[in-house]
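Report on one structure; see the data block that follows.
Since every read-out is calculated from the coordinates, none of them should be taken as a lab result. This structure is a prediction, so every number in the text was calculated from the model and none was measured. Cβ: placed from backbone, ideal geometry, glycine included. Neighbour counts: every protein chain shown.
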Amino acid sequence: MTFEAVSYESIPHALISGIAISLLCSVVGLFLVLRKFSLFGDALAHSAFGGVAFGLFIGIYPLWIACAVAILSALGLSKIRQKFDISGDAIVAILLSTGLGAGVILVSLTEDFEFHDIEEFLFGSAIVDTQNVVTILALAGAILTILFFTYKKILYSTFSEEQAKASGIPVEKMSYLLITMAGVTVVISMQLVGVLLISALFVLPNVSAMLYARSFKQTVILSMLFAVSATVSGIIMSYQFEIAQAGCIVLVAAAIFVGSLVAKGSGLVKTAGILAKRA
Amino acid sequence: MFINNSGVDFTMIVDIQKLSVDYSGIKVLDDISFGIAEGDFLGIIGPNGAGKSTLFHCMLGLRTQYDGTIKFFGQDIRDSRKYLSQVGFVPQKPVVDRNFPATIREVLSMSQNSSDSKKVDEALQKVWMHELADRRIGDLSVGQQQRVFIAKALVNSPKILVLDEPVTGIDQYNQDLFFQILGELNTKEKISIIWASHDLDAVERLASKVACLNKTLFFHGISKEFFSDDEMLKKYSETSMQMHMHHH
């Protein structure tokens, strides 16, 4: 079966890893959205796909190679961007298409290749392996801990690069740290939603949260809540109706976004700054 | 140490010697030397393109390619960036994304060493913005945002404030408030101020010293001396006019 639904046995693993991944994606994604870099997760995922294909080509478990390829290519392109003053959206396009192009070539060169080998990376899969769940929990815990100690500096660099630099914050280092964390987040999230749908988890919960929240803290909490709700309901729907898990998660996240727009548009919810009285 | 007009010793906060900057072979700053002492309120005037922002970028470590030396508190800024914790920077008209999800209080807490909410409240009180602390920054007018940025610069109790044409595009009422706050910070809190401005009247009213910049420094001294010297004012307006013609 190409698009896998969640089986009864895999529900606990899917839920535990899904919750960890959604918490992580919502927080890391928030910084990308605020930097107007919403598609950066997608670009990282596509370059990670090149890594997956390379791993399959040389016969090594592809996820860690994907992680290294995604991070190194993103860091390299960020350096190039700074040096040659290339716009962010162009970098995203370059990263996205080059990763996919390299991946397609490597896949075509791989002997005895079967589509099933890459489908879990493209469309996500129900995680059943305990070892995988432990790895996801450990990495998510590590990244959330790093973010807890550095979020003010990353937020300041996001808010105003010039002022952050003038306050002595190592803005470039913070940017590289964020890219690295986003790379790891993308690679572990690929297992849940796949390369093609990853930016949904990065973007949808955050954009929905920003419609309601007044402050950064509220945005983080709401975004986490939306992401976890989408993932848990998506997994349950996938099991209940025997449909693809990744698609369910993304569509629930999209439904939350549409619901938020309707609630805001109809004035049902007194929302954040946009509707607040001007001071 | 340095001797001021009244013959009293006081500490130099900034000491700039022979500062020159090139942008792809074009001289932007040429052999600039001056100092800022404790309690100084220095207005930097000069036409557009005179090098004011470049000077500030060098002072704040945002630009590292320059000739000459810049010392803060007696230490070359190339050796350490620690001085920045005692410097508050207020940029030109802030560019705040209207939907950026952060309250004023959160914006002030982003600075290093500012987890202390009491400090944040005190800084907001100094700019009369404490009642709006929980508003989203994007909901404020530009003038109010600029006052928030002064408060942000004050959170870490700086010894000096660096302001780069901070009132451009701000209405007269907020400009007057802004100037009143600056005056109080300088006289009551004893914070030194270096302030780039186009507004000669405001500089005459507020600044105790003036530096007149147009790639080179053609005047640096007591404000009253500059504004009572017709020759100097004439020279300033001629240079401004030349720069203006050059830009158009």
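Could you list log10 I(q)/I(0) for the range B:2-247 at q = 0.08, 0.09, 0.12, 0.14 Å⁻¹, which the Debye formula gives when each Cα is one point scatterer? Scattering profile of the range B:2-247, log10 relative to I(0): -0.31, -0.39, -0.71, -0.97. Neighbour counting of Cβ atoms within 10 Å sorts the residues A:H13, A:H46, fewest neighbours leading, into A:H13, A:H46. Here is the P(r) of the protein assembly as shown: all C-alpha pair distances, binned every 10 Å from 0, give 4, 17, 23, 21, 15, 11, 6, 2, 0 in whole percents.
Note on the protein assembly as shown: helix-only mean residue ellipticity at 222 nm, from DSSP H runs of 4+ residues weighted -39500 (n - 2.57) and normalised by residue number, equals -19000 deg cm²/dmol.
Here the translational diffusion coefficient of chain A follows from Stokes-Einstein with Rh set to the Kirkwood radius across Cα pairs; for 25 °C and 0.890 mPa s it amounts to 128 µm²/s.
Put simply, when A:216-223, B:184-191 are sorted by average Cβ atoms within 10 angstrom per residue, most first, you get A:216-223, B:184-191. Normalised size of the range A:138-198, defined as Cα radius of gyration per 2.2 N^0.38 Å with N residues, equals 1.29. When Cβ neighbours within 10 Å are restricted to other protein chains, what is their mean count per residue of peptide A:151-159? If you average over the peptide's residues, the count of other-chain Cβ atoms is 4.
Along the axis of the charge dipole computed for the range B:2-247 (Cβ charges of +1 for Lys and Arg, -1 for Asp and Glu, origin at the Cα centre), the listed residues B:G25, B:I222, B:M110 are led at the positive end by B:M110. Charge dipole of the range B:2-247 (Cα centre as origin; +1 on each Lys and Arg Cβ, -1 on each Asp and Glu Cβ, all else neutral): 560 debye, rounded to the nearest 20.
Reported to the nearest whole Å, the Cα centre-to-centre distance from the range A:221-268 to the range A:65-130 is 26.
Rounded to the nearest whole angstrom, the semi-axes of the ellipsoid equivalent to the range A:1-127, taken from the Cα gyration tensor as √(5λ), stand at 27, 21, 11, largest first. Only the Cβ atoms of Lys and Arg (+1) and of Asp and Glu (-1) were treated as charged; on that basis the dipole of the range B:117-248 about its Cα centre amounts to roughly 540 debye. About its Cα centre, the dipole of the protein assembly as shown is roughly 1140 debye, where the only charges are +1 on Lys and Arg Cβ and -1 on Asp and Glu Cβ. Principal-axis analysis of the Cα atoms of chain B puts helix B:142-154 at an angle of about 90° to the longest axis.
Annotation: average projected area of the range B:24-155 is 9.9 square nanometres, based on the convex hull of Cα atoms across all directions.
A full extension of the chain between B:S33 and B:V142 corresponds to an added length of 35.8 nm, given 0.36 nm per residue minus the alpha carbon distance. If I take R0 = 56 Å and measure r between the Cβ atoms of A:F241 and B:D229 in this structure, what FRET efficiency does the formula 1/(1 + (r/R0)^6) give, to the nearest 0.05? Computed FRET efficiency for A:F241 and B:D229 comes out at 0.10. FRET efficiency for A:Q131 and A:K217, Cβ-Cβ distance as r, R0 = 25 Å, nearest 0.05? Given R0 = 25 Å and the Cβ-Cβ separation, E is 0.10. When each of B:S208, A:S97 is scored by the number of other beta-carbon atoms lying within 10 Å, the sequence from fewest to most is A:S97, B:S208. Legend: ranking of residues A:F31, B:F34 from fewest to most surrounding C-beta atoms inside 10 Å; resulting order B:F34, A:F31. Extending 7 Å from Cα along the Cβ direction at A:L72 and again at B:I222 yields two label points whose distance is 6.7 nm.
With N counted as the residues of the range B:102-147, its alpha-carbon radius of gyration over 2.2 N^0.38 Å works out to 1.04.
For the range A:73-112, the Kirkwood estimate of the hydrodynamic radius, built from every pair of different alpha carbons, is 11.2 Å.
Counting Cβ atoms of other protein chains within 10 Å of each residue's Cβ and taking the mean over peptide A:161-174 gives 6. Note on B:S117 and A:E111: with the Förster distance fixed at 60 Å, the Cβ-Cβ geometry gives a FRET efficiency of about 0.45. Normalised Debye scattering of the range B:123-248 at q = 0.12 Å⁻¹ gives log10 I(q)/I(0) of -0.54, counting only Cα atoms as equal scatterers and leaving out solvent.
How far, in degrees from 0 to 90, does helix B:230-247 lean away from the longest principal axis of the Cα atoms of chain B, to the nearest 10? Tilt relative to chain B: about 80 degrees.
Peptide B:138-145 is shielded by partner chain Cβ atoms: per residue, an average of 3 of them sit within 10 Å of its Cβ.
Annotation for B:V95 and B:S157: the two label points, set 7 Å from Cα along the Cα-Cβ direction, are 3.5 nm apart. The residue among B:A153, B:N99, A:I91 whose Cα reaches farthest toward the positive pole of the charge dipole of the protein assembly as shown, with charges on the beta-carbon of Lys, Arg, Asp and Glu, is B:A153. The Rg/Rh ratio for the range B:59-126 is 1.05, where Rg is the radius of gyration of the alpha carbons and Rh is the Kirkwood radius. Each peptide in A:143-149, A:103-109 was scored by the mean count of other Cβ atoms within 10 Å over its residues; highest first, the order is A:103-109, A:143-149.
Positive-end ranking of A:Y212, B:F56, B:I194 along the dipole of the protein assembly as shown, with charges on Cβ about the Cα centre, is headed by B:I194.
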